[in-house]
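Report on one structure; see the data block that follows.
Only the coordinates and a few stated rules stand behind these numbers; no lab work does. This is a predicted model, so every value here is computed, not measured. Note: ideal-geometry Cβ built from the backbone for every residue, glycine included; neighbour counts use all protein chains shown.
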Amino acid sequence: MRIFDPHIHMTSRTTDDYEAMYAAGVRAVVEPSFWLGQPRTSPVTFLDYFDSLLGWEPFRAAQYGIAHHCTLALNPKEANDPRCVPVLDELPRYLVKDHVVAVGEIGYDSMTPAEDTALATQLQLAADHELPALVHTPHRDKLAGLRRTLDVVRESSLAADRVLVDHLNETTVKEAKDSGCWLGFSVYPDTKMDEDRMVAILKEYGPDKVLVNSAADWGRSDPLKTRRVGDAMLASGFGDDDVDRVLWRNPVAFYGLSGRLDLDVAGTAATHEGNSVLRGGE
């Protein structure tokens, strides 16, 4: 089983996670920029974070045989903080970089006017840079949040078939599918989706344009949830081709819209800017 986790925050994870992911079949990941838990106090802290997603984290992933790409954006939660908003002016020089395969995570957290502006601005940046967009739907009032999201997408210059609407569930999947957007589902130990619910949605709506991710981060989450969904699909009667489509071909197709997806991790360097993942002697 080959797996592409299209939404995982590896900055928050350990090298043990990379080893376990590779053993489970993960060969590629996309890491969206997101809120780190501790509020940022200036745009400069975003830039250091973006640099790590473009440098250190791809290096670290490659040491374990995993191709790493990222999406960059001002995330919805911090779009409400005036100290952070000026990073929108810095994004264009980052969005031209090779390993950036989408603008994201963008979307809604609390559905404020500031989030409206940030979402519309970054959808335009995606269109300007010929990149797809990864859109975060809110954890609260999900259906209202989805509808507001889709309204902004329709008003933008970015076509719906270049938008991945993430964190969907049973209440939002039909309208998201009808919109023409790609469909993203985050599978968690306690919240969001689980394996059985994911399989039920796939049986009802099919695997077309569906991406399943672990969204693993600094909270209670599991970077092997993609594999667990694949196993659950097989156990419920799906074939190998359907599993490969959901867990590999669909994320390759979506992020391939950027023209920048490179899944080759051969010939990785031993260090990144003089640093390795090793500490101490052999």
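With point charges of +1 on the Cβ of Lys and Arg and -1 on the Cβ of Asp and Glu, referenced to the Cα centre of the chain, which listed residue (ALA269, MET233, VAL29) lies farthest in the positive direction of the dipole?
The residue sitting most towards the positive pole is MET233.
Would you mind giving the three semi-axes, in whole Å and largest first, of the ellipsoid equivalent to the range 68-175 according to its Cα gyration tensor? Intermediate values should be presented prior to the final figure.
On the way: eigenvalues 87, 52, 29 Å².
One finds semi-axes of 21, 16, 12 Å for the range 68-175.
Can I get the semi-axes of the range 165-282's equivalent ellipsoid? Compute them from the C-alpha gyration tensor as square roots of 5 times the eigenvalues, in angstrom, largest first.
Numbers: eigenvalues 185, 64, 44 Å².
Result for the range 165-282: semi-axes of 30, 18, 15 Å.
Treating cross-link reach as a plain straight distance, find the aspartates and glutamates whose alpha-carbon is under 13 Å from the alpha-carbon of LYS142, omitting any fewer than eight places away in the same chain.
Of all the aspartates and glutamates, those that pass the test against LYS142 - Cα under 13 Å, at least 8 places apart if same chain - are ASP109, ASP166, GLU170, GLU175.
Please list, short to long, the whole-number percent of alpha-carbon pairs of the range 3-258 in consecutive 10 angstrom bins beginning at zero.
Percent of Cα pairs in each bin: 7, 34, 39, 18, 2, 0.
Taking the Cβ-Cβ separation of SER276 and LYS203 as r and a Förster radius of 30 Å, what is the calculated FRET efficiency to the nearest 0.05?
On the way: r = 46 Å, r/R0 = 1.52.
So the FRET efficiency works out to roughly 0.05.
Take the alpha carbon atoms of the range 1-133, find their radius of gyration, then divide it by 2.2 N^0.38 Å using N residues; give the quotient. Don't jump to the answer; show the numbers that get you there.
Numbers: Rg = 14.9 Å, N = 133, 2.2 N^0.38 = 14.1 Å.
It is 1.06.
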